[in-house]
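In what follows, a structure is listed as structure tokens, so that the remarks can point back to it.
The values are calculated or read from the model by the stated rules, or taken from the named source; none is laboratory data. Nothing here was measured: the structure is a model prediction, and the numbers come from that model. Here the Cβ positions follow ideal geometry from the backbone for every residue, glycine too, while neighbour counts run over all protein chains shown.
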């Protein structure tokens, strides 16, 4: 039963949207859209699972005093504070989670504006510094492939800024051609490959060949 | 000169150049010219084809990490809609701050158009988890996905939403996206349900959207800050009244951001070229006998 029931559920959950796509029958599409509604709820619980996982991982870190454990304390404190105001706000407490109707900030919004936003912005902005340093050290025309990549990158970087057009109008035109043709062809290849991979993996899960998600031990 | 030492330049010197290239254009605004690329022109033209009173969906699928790129797109798109009389349904599908970004940008732009009425000209339906599932379900019934708006008002009591139940009642979706959600609008909502989609992704993820654009699965593309600055330019050229908004001191715009990005790009190009010159000079120099 531990094996058959999840396999049957997976088969049904996987097959219904596929059938609904090809069979334009009202009863079939009703079942499929009902499944979509359940999926939204399941996705919500997946988020909750993530929170539980973060709490477990970090409490273990603090208990064992492993390296960097004070950061775990900060993370859990942030989770608790934002979580409390967010949860309360979702049920109408503290005026909600967005700004109030009079334009003043709710506690959740205040924390978002003054803690979460600058912290996330800082993390992303740091990339510019690391990329500049890394490109100086590592972006070398060591062989033919690296040279092609380097030339394409320089043209795109130069064509994306007004200075490129000031030098010659060919920079933005070549940039757009690189993006719309060679880049697009490569992206399509990657997407088709990834799509075929995802479809074959989905089929393996639906028909029960791939069972690792069940979390069963060997021989079960 | 010792080439090895130049190659091993202290990374803090590189950081210093990047910091100077970032801070100086913010203090001394250059106002570099903006040229228009075809993907942004397509997006603008598609929006211009809409009639006053048409309804579009603007989906906030980004968080604060990419807000400097996505927020000016959102502002320009909303200003375009409100200047043209297009009605807007705002949603958020990105969990890490999508809703807060939607509230911030909507509040900011709506304040610039005092005649707008909430629930009639625009509405904010808030955040919904499970992006793909929500997108699929909205084709069947938007009211079931968002039973209330962000203020908790039942959706049936919102005049604008009485006219809109499914994608068929919308003219277009404009997704401001970081990550994969923008892709889902193209390869799920457009491909399966036929709703025209314009995506404004971050510059780093813009290249993959060209595949959808060339396949006509997208009606336009605003790639990163550059795309946002182009859209701003097009909106300003078409609606000169908005100059009063964009001239507001301290207002962050994509055009101002492009000054910074242009200078930092130049610095990076210079470092890359310099690094390669040093590399090849070192290769050609005969090695000393051991």
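General observations
- Of all the numbered requirements in (1) surrounded by 23 or more Cβ atoms within 10 Å (Cβ to Cβ); (2) within 14 Å of chain A (Cβ to nearest Cβ); (3) under 20 Å from residue B:248 (Cβ atoms), residue B:77 misses one, and that requirement is (2).
- Helices (runs of 4 or more DSSP H) within segment B:223-290 that include 1 or more residues surrounded by 22 or more Cβ atoms within 10 Å (Cβ to Cβ): B:224-238, B:254-284
- Filter pass, residue A:79 being away from every other protein chain (no Cβ under 12 Å), touching a residue at least 24 places away in the same chain (Cβ under 8 Å), over 30 Å from residue B:17 (Cα atoms) and under 20 Å from the mean Cα position of the chain (by Cα): yes
- When each of A:162, A:182 is tested for being more than 27 Å from residue B:20 (Cα to Cα) and surrounded by 12 or more Cβ atoms within 10 Å (Cβ to Cβ), the lone residue that passes is A:182.
- Members of segment A:53-74 that are within 18 Å of residue B:95 (Cα to Cα) and either touching a helix residue (DSSP H, G or I) at 6+ places or on another chain (Cβ under 7 Å) or loosely packed, with under 10 Cβ neighbours inside 10 Å (or both): A:54
This table checks each residue for (1) outside any loop (DSSP other than H, G, I, E, B); (2) surrounded by fewer than 20 Cβ atoms within 10 Å (Cβ to Cβ); (3) touching a helix residue (DSSP H, G or I) at 6+ places or on another chain (Cβ under 6 Å); (4) more than 11 Å from chain A (Cβ to nearest Cβ).
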position: B:133; (1), (2), (3), (4): yes, no, yes, no
position: B:137; (1), (2), (3), (4): yes, no, yes, no
position: B:143; (1), (2), (3), (4): yes, yes, yes, yes
position: B:152; (1), (2), (3), (4): no, yes, no, no
position: B:168; (1), (2), (3), (4): yes, yes, no, yes
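- Scanning segment B:22-36 for residues that are at the interface with chain A (Cβ under 9 Å from one of its Cβ atoms) and part of a helix (DSSP H, G or I) returns a single hit, B:22.
- Residue match in segment A:27-36 (condition: within 11 Å of chain B (Cβ to nearest Cβ), out of contact with any helix residue (DSSP H, G or I) (no Cβ under 7 Å at 6 or more places or on another chain) and under 24 Å from residue B:94 (Cα atoms)): yes
- When the criteria are applied in full, residue B:98 meets the requirement of being surrounded by 24 or more Cβ atoms within 10 Å (Cβ to Cβ) and touching a residue at least 24 places away in the same chain (Cβ under 8 Å).
- Candidates are the residues of segment A:87-106 that are surrounded by 18 or more Cβ atoms within 10 Å (Cβ to Cβ) and not in a helix (DSSP H, G or I); the one that is nearest to the other protein chains (Cβ to nearest Cβ) is A:98.
- Pair list, Cβ under 7 Å, 6 or more apart: segment A:157-173 residue at the interface with another protein chain (Cβ under 7 Å from one of its Cβ atoms) and without any contact (Cβ under 8 Å) to a residue 60 or more places away in the chain, other residue outside any helix (DSSP H, G or I) and surrounded by fewer than 14 Cβ atoms within 10 Å (Cβ to Cβ): A:162/B:33
- Looking across A:21, A:8, one residue alone is under 30 Å from residue B:139 (Cα atoms), within 14 Å of chain B (Cβ to nearest Cβ) and in a helix (DSSP H, G or I). It is A:21.
- Residues satisfying the stated conditions in segment B:105-129, i.e. touching a residue at least 24 places away in the same chain (Cβ under 8 Å), within 9 Å of chain A (Cβ to nearest Cβ) and not in a strand (DSSP E or B): B:128, B:129
- Annotation: residue A:58 fulfils all but one of (1) more than 9 Å from chain B (Cβ to nearest Cβ); (2) free of Cβ contacts under 8 Å to residues at least 12 places away in the same chain; the unmet one is (2).
- When residues in segment B:24-61 are screened for being surrounded by 15 or more Cβ atoms within 10 Å (Cβ to Cβ) and at pLDDT 95 or above, 16 of them pass.
- For residue B:126: the one exception among (1) at pLDDT below 95; (2) out of contact with any strand residue (DSSP E or B) (no Cβ under 7 Å at 6 or more places or on another chain); (3) within 21 Å of residue B:70 (Cβ to Cβ): (2)
- From the options B:238, B:226, B:216, residue that is within 15 Å of residue B:43 (Cα to Cα) and without any contact (Cβ under 8 Å) to a residue 24 or more places away in the chain: B:216
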